[in-house]
Amino acid sequence: MKLCTLLTDSYWVFWREMKRLLVQRARIAIAGIQPLIWLILMGNAMGGLTANPATYRLLGTENYLEFMTPGIMIMSTLFGGIFGGISVIWDRRTGFLNKMLAAPIKRAAIPVGKITAITLQSAFQVTFIAAIAAAMGVKFATGVPGFFLILCIMILFSYGIAGVSLALASVLRSHEALMAVTNLLTLPMVFASNAIFPREAMPAWLKAIATYNPLTYAVTPLRTLVLEGWVWEKIWPGLLAMGFFAAAAVAISARQFARSEV
Amino acid sequence: MPPVIEAEGLTRVFPGHIVAVDRVSFAVEQGEIFGFLGPNGAGKSTTIMMLTTLLRPTAGTARVAGFDVVRQPERVRASLGYVSQDLAVDDNLTGIENLTLQARLYHLPRQEARRRIAEVLQLVGLAHRARDRVETYSGGMRKRLDIAAGLLHRPKVLFLDEPTLGLDIQTRREIWRYVRDLRANTGMTVFLTTHYMEEADVLCDRVAIIDRGQIKAVGRPSELKAGLGGDVITLRLAGTPSAQRVTSALRGIPFVADVRFYEGEYVVTARDGEKTLPLVFEALQRVGEQIVAVTLKQPSLDDVYLAITGRGLRDDTEGREDAIRHRIRMRRIRA
Ligand SMILES: Nc1ncnc2c1ncn2[C@@H]1O[C@H](COP(=O)(O)OP(=O)(O)O)[C@@H](O)[C@H]1O
Ligand SMILES: [Mg+2]
């Protein structure tokens, strides 16, 4: 019964977020254009790399775009999720957050609904990226079923990242503070992972960091599914890690909003 | 019947030893329109937020509709409607969508929700604009929509935090009328805060005067004004004479109950203003002061406030975050 209320309350929070998104057309356009730019830039700028046999060995493919597609999926999901907390801060300033908090809803529905809305957007983006990449000649080693597993991993990753962002936003009460913290986190997270550069090409210390970076756990199974095939021993650790990350982050943000004062 | 709202020693201390609400006790009866009157920073919103379970009291207790705000927050939330001072409607949604969301958050059955949405839209006069996006509404329309949302689930108690803040006087009167009609038609209890003395005077059955977190007086507006003991004479003098000398000269007049110096003016409370006026002229002439301007009027709640607290209702203090929220609110309300 309680779970049912949580789900319906979350749905209506989600419903509002989606309505807002559909009204703000510019946000939709940017969500589509951004990965497109990345794909085109990365594909062309770095394309020359693979002419070198050494980089071919490191990347595991002749096509740099094939190497980068999972990285771009992850980065767009990362950026979509990490700024999710901003909507909480905005709601706080317009008073809408208090309006929801004063209503007899399960308060956990607020983060769950918002995170779900962010994740749905990311899922659309990932699908869009896959379609464009395929059109640009990227071959997915595991085909359509592999893509669905990629989508599942990205959904879990998005729940995790957006959960972290909302939990942060419930503590940091200004845009500036949230931006500062997310900026501090995101780019180092990207560079200290195998999203853009193969781990094999890194110095030892960076390699060590990259090995434990949550981003690496998301990239490795994706890259395996795109470049190699159903190599399960490279897929399941990442899948498991993402499941755990998502559950933990959502639980933490839910707890944050269920406090007596938010 | 037990009171609908009951506060006992309600206190809230913010970090930095800011005592926003200081041992406040009061009771509001079924069907009353009860107002908190005080300037910015007096602790009005903090009190409302404790009563609506948004803030936890540091000390003291409060019951709303018979439920304890700390121990039974869910029951309290289900019993109340809250219209914050923030104009908390979503500009990106239409009027109907805002109300639909509100109905869902209060778990109204669909049929019932549809009927009541039509009903409240009628009540606040927004039926013709219900399908437009709120972005296109004026400040007054947004506020009416916000109030409509607060009414939708027919709460036992409606909390209105500064319901007419920043609105022009015409819209303000309209909102007063809605609130009064509402009480007349539904018998709903209304708790509101304001720093407009006219609002407290016209709208409230009873008013609590709140200053720096404390309740200084509670009563019907007419009682509070009568309690001042007469009329109010306001004097402006030439030059800058010693306030102490002038005050003691005025206090010597038989009818005078109280004299205060505030913002360059002497505010004299006197039992019979018309008879006192010539005596005031005489007394000031004796001490060699020249009057530049003088008014005589019936006391207002402003005068009550000044007499009780020694300060006016316009003394503002705002933190940074408050200021940002205030700017956002003002931009939206004037849109
Ligand atoms: N979250 C907060 N943290 C610290 N101080 C606060 C907070 N909220 C309000 N205050 C302070 O408490 C006092 C009362 O504020 P408030 O209840 O908003 O007054 P009012 O609604 O009467 O204008 C003010 O001095 C204000 O700065
Ligand atoms: Mg206030």
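The values are calculated or read from the model by the stated rules, or taken from the named source; none is laboratory data. Since we're looking at a predicted model, the values are computed, not measured. Note that each Cβ is placed from the backbone with ideal geometry, even for glycine, and that neighbours are counted across all protein chains shown. Please note that ligands, DNA and RNA were not included when accessible areas were found on the heavy atoms of the full protein model with its side chains. Shrake-Rupley method; radii C 1.70, N 1.55, O 1.52, S 1.80 Å.
Mind checking which of B:PHE36, B:PHE67, B:PHE159 has the largest fluctuation in a GNM of chain B, springs on alpha carbons under 10 Å?
Evaluated over chain B, the most mobile residue of the options is B:PHE67.
For the residue pair B:ARG154 and B:ARG327, what label-to-label distance in nm results when each label sits 7 Å from Cα along the Cα-to-beta-carbon direction?
Going by the 7 Å Cα→Cβ label model, 4.4 nm.
For region B:284-313 and region B:59-119, write down the distance between their C-alpha centroids in whole Å.
44
Please identify every one of the GluC sites (Glu not before Pro) in region B:1-103 that sits in a loop by DSSP and has no more than 15 other beta carbons within 10 Å of its own beta carbon.
In loop regions of region B:1-103 (DSSP not H, G, I, E or B), the sparsely surrounded GluC sites (Glu not before Pro) are B:GLU29.
Using DSSP loop states and a limit of at most 16 other Cβ atoms within 10 Å to flag trypsin sites (Lys or Arg not before Pro), what is the longest stretch of chain A containing no flagged site?
The longest uninterrupted stretch comes out as A:1-138.
Multiply the residue separation of A:ALA248 and A:ALA134 by 0.36 nm, subtract the distance between their alpha-carbon atoms, and state the gained length in nm to one decimal.
Contour length minus Cα-Cα distance gives 37.7 nm.
Output the residues of region B:58-82 meeting this criterion: accessible area (heavy atoms, 1.4 Å probe) in the chain alone minus accessible area with all protein chains in place is 40 Å² or greater.
Going by heavy-atom accessible area, the residues of region B:58-82 that drop by at least 40 Å² are B:ARG77, B:TYR82.
Using the structure shown, list the pairs from B:LYS143/B:LYS225; A:LYS99/B:LYS156; A:LYS2/B:LYS156; B:LYS225/B:LYS297; A:LYS99/B:LYS143; A:LYS114/B:LYS143 with a Cα-Cα distance above 20 Å, or answer none.
B:LYS143/B:LYS225; A:LYS2/B:LYS156; A:LYS114/B:LYS143
Can you list the aspartates and glutamates whose alpha carbon is less than 17 Å from that of A:LYS139, not counting same-chain residues fewer than 8 positions off?
The qualifying aspartates and glutamates are A:GLU62, A:GLU66, A:GLU228.
Would you check the accessible area of B:HIS326, probe 1.4 Å, heavy atoms only, in square angstrom rounded to 10?
Approximately 50 Å² for this residue.
Hey, what number do you get for chain B at 222 nm if only DSSP H runs of n ≥ 4 count, each worth -39500 (n - 2.57), divided across all residues, to the nearest 500? Can you show the working numbers first?
Values: 12 runs with 131 residues, N = 335.
Theoretical 222 nm ellipticity from helices: -12000 deg cm²/dmol.
Considering chain B as a Gaussian network with a 10 Å cut-off on Cα pairs, which listed residue, B:THR240, B:THR46, B:THR164, attains the greatest mean-square fluctuation?
Ranking B:THR240, B:THR46, B:THR164 by mean-square fluctuation puts B:THR240 first.
Given a 10 angstrom Cα cut-off, can you work out which residue in B:ASP258, B:ASP302, B:ASP161 is the most mobile in a GNM of chain B?
It is B:ASP258.
Please compute the per residue accessible area over region A:2-258 with all protein chains in place, 1.4 Å probe, rounded to a whole number of Å².
Value returned for region A:2-258: 43 Å² of accessible area per residue.
Using Cα atoms only, what is the angle between the long axis of helix B:110-123 and the major principal axis of chain B, expressed in degrees (0 to 90) to the nearest 10?
With both axes taken from Cα atoms, the answer is about 30 degrees.
Between B:GLN111 and A:ILE196, with labels modelled 7 Å along Cα→Cβ, what's the label distance in nm to one decimal, could you check?
The answer from the label model is 6.0 nm.
GluC sites (Glu not before Pro) within region A:212-262: which are DSSP loop residues with at most 11 other Cβ atoms inside 10 Å?
Values: sites: A:GLU228, A:GLU233, A:GLU261; in loops: A:GLU261.
Qualifying residues, ordered by number: A:GLU261.
Report, in debye and to the nearest 20, how large the dipole of the protein assembly as shown comes out about its Cα centre when Lys and Arg carry +1 and Asp and Glu carry -1 on their Cβ.
940
Under a plain spin-label model, where a point goes 7 Å from the Cα along Cα-to-Cβ, how far apart in nm are B:GLU29 and B:THR136?
About 4.7 nm, to one decimal.
I want to make sure I understand the PRE zone here: with the label point 7 angstrom from the Cα of B:MET1 toward its beta carbon, which residues in region B:48-66 have backbone N atoms less than 14 Å away?
Correct set: B:65-66.
How big is the A-B contact in terms of buried accessible area, both chains counted, 1.4 Å probe, rounded to the nearest 100 Å²?
Chain pair A/B: roughly 3000 Å² of buried accessible area.
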